[in-house]
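What follows is a set of notes on a single structure, which appears directly below.
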Amino acid sequence: MSRFKYISFAILFSCVILQSCKKDAEKMTREELAQELGKEKYYSKLLSYAENAGVETDKFTVGEASRVFALLEETGYGHQPSIRYVNKKIKADTAILRKAAEDLVKGEDVDKVLDNLEPEYPVYKNLKKHYARLIKENKKDSAAVVAESLNAYRWIRRQANGAPRVVMVNIRGAYLTGMDASGKDIITMRTVAGKRETPTPTIDTYATSIVTNPYWNVPKSIAIKEIFPKASKDASYLSRNKIEIINGKGEALNPEDIDWESMAADKFPYRFRQETGEDNSLGLLKVEIKNPLAIYLHDTNARYLFASNQRWRSHGCVRVQHPTELANFMAGEKLLENDSLAEPDTVSLPPKWHKLKKRIPVFLLYLGADCNEKGDLLYFADVYKRDAPRS
């Protein structure tokens, strides 16, 4: 009986100790947690895990308290990839980072805690497996490419900030993926991206609205280099292509009233606008995304281009293979029935704006590696020749 009491007391004492530790971790300040995790018994395991996730740990090798939370943030949320325009950098969730630190101090398994800290996206999990394999096979260059993609998905998770849906375009691979909040692929399609001479910029932003039957307001660069020279030499060019001349008041002018010979392309005081319809270069719709670079996603009246494996043909905007599928996915409801552009020749349907009810993050990235739905690792050619030579 005394032995039973001793065992019961020991169990009770252990529970009290564990409960005490739990309370201590939760009551510790952020600095105290960092100082504890900076100790060798913790920090070496944190570094090892981060390295296996493709994190460059050189700047974290010294276990100073100030670096502990930075390492946790890098492992879970990554850092900004090479992106030309970022609408707003989202701060990492400090509550989640603190909870991870508390769990680690309580003695929970490092692998389990940090695995929960990373994105749950299936594509991320598959990339991480391939990264481990490449490291084991001593394929450092290939592993480095995959590590960049791992960081990109950590960044996507950070910037998505709990959004119900996310759209990612890989410029380098010329395709689009739409994911739900858990990172599961819901839609995939081919895209046409910018030519090397007019590359699609990398952008981290969000969609604001979907415009059906959009006008094509011709960018100034295209107007100067392409439209004006043709219009000034061929009186019927604009009418054949249903392109209007618009003045500063938004009024359409008669091309025959323009003194083309006295005009210079770079000083043309008007703008060109293509009417809606099946001849419109934007096709059925465009997705407006917030950015100062005049970049958006859109349909096209040259859909045959999606059959090609060489899909870097645009002036910078992104043409999408299945516009209706993308619009319905982003809206979270059925906006359109099909991708048909057919309409009577005498009718030009007016543009209609569909403001999105929820903010949908959109990422235009330049990824050298990614995984398909089967988990296969895919590499993509450096179409814009941006990779620095490796020593």
Determine the relative contact order of region 91-183: mean sequence separation of Cα pairs under 8 Å and six or more apart, normalised by residue count, in whole percent. 24
What ³J(HN,Hα) values, in whole Hz, does the Karplus curve 6.51 cos²θ - 1.76 cosθ + 1.60 give for region 268-273 when θ = phi - 60°, with x put for Gly and Pro? 5, x, 10, 10, 9, 9
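Local charge sum around THR29 (other residues, Cβ-Cβ under 12 Å, Lys/Arg +1, Asp/Glu -1)?
Working: positive: LYS27, ARG30, ARG98; negative: ASP24, GLU26, GLU31, GLU32, GLU36, GLU102.
Local charge sum for THR29: -3.
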Please give the charge dipole size of the chain, origin at the Cα centre, charges +1 on K and R Cβ atoms and -1 on D and E Cβ atoms. Round to the nearest 20 debye. 900
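How big is region 250-391 by the Kirkwood estimate over distinct Cα pairs, in Å?
Numbers: mean 1/r = 0.0530 Å⁻¹.
With all distinct Cα pairs of region 250-391 included, I get 18.9 Å.
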Could you list log10 I(q)/I(0) for region 251-329 at q = 0.11, 0.18, 0.20, 0.25 Å⁻¹, which the Debye formula gives when each Cα is one point scatterer? -0.43, -0.90, -1.00, -1.22
With a 1.4 Å probe and every protein chain kept in, tell me what percent of the accessible surface of region 171-319 is carbon plus sulfur. 46
For region 165-214, one quarter of the surface area of the C-alpha convex hull, expressed in nm², comes to 4.6
With r defined as the distance between the Cβ atoms of LYS242 and GLN310 and R0 fixed at 45 Å, what FRET efficiency is calculated, to the nearest 0.05? 0.95
Cα-projected label distance for LEU378 with LYS99, points at 7 Å along beta-carbon direction, nm: 3.4
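Kirkwood hydrodynamic radius, region 121-200, all distinct C-alpha pairs: what's the number in Å?
Working: mean 1/r = 0.0719 Å⁻¹.
Averaging 1/r across every pair of different Cα atoms and inverting gives 13.9 Å.
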Label-reachable residues, region 270-313, where backbone N falls under 14 Å from a point 7 Å from ARG386's Cα toward its Cβ: none
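Send over the semi-axes of the chain's equivalent ellipsoid, whole angstrom and largest first, taken as the square roots of 5 times the C-alpha gyration tensor eigenvalues. Each step should come with its number before you reach the end.
Values: eigenvalues 581, 94, 69 Å².
Working through the eigenvalues yields semi-axes of 54, 22, 19 Å.
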Amide H proximity to THR191 below 5 Å, modelled H, separation 5+ or other chain, gives TYR175, LEU176
Within the set of other residues whose C-beta is less than 14 Å from the C-beta of ALA223, count the net charge using Lys and Arg as +1 and Asp and Glu as -1. +3
Within region 369-385: backbone nitrogen closer than 18 Å to the ALA294 label point (7 Å, Cα to C-beta): none
At 0.36 nm per residue, minus the direct Cα-Cα distance, what do ALA302 and LYS39 gain on full extension? Give it in nm, one decimal, please. 88.6 nm
Within straight cross-link reach of LYS242, meaning Cα distance under 16 Å, which lysines are found once same-chain residues fewer than 8 apart are removed? LYS230
Percentage relative contact order, the chain, counting C-alpha pairs under 8 Å, at least six apart: 20
Once both label points are put 7 Å beyond Cα along the C-beta direction, the ASP58-TYR85 separation in nm becomes 3.2
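The values are calculated or read from the model by the stated rules, or taken from the named source; none is laboratory data. In this text the structure is predicted, and so the values were computed from the model without any measurement. Here Cβ is always computed from backbone atoms with ideal geometry, including for glycine, and neighbour counts include all displayed protein chains. All accessible areas refer to the heavy atoms of the entire protein, side chains included, with ligands and DNA or RNA removed. Shrake-Rupley method; radii C 1.70, N 1.55, O 1.52, S 1.80 Å.
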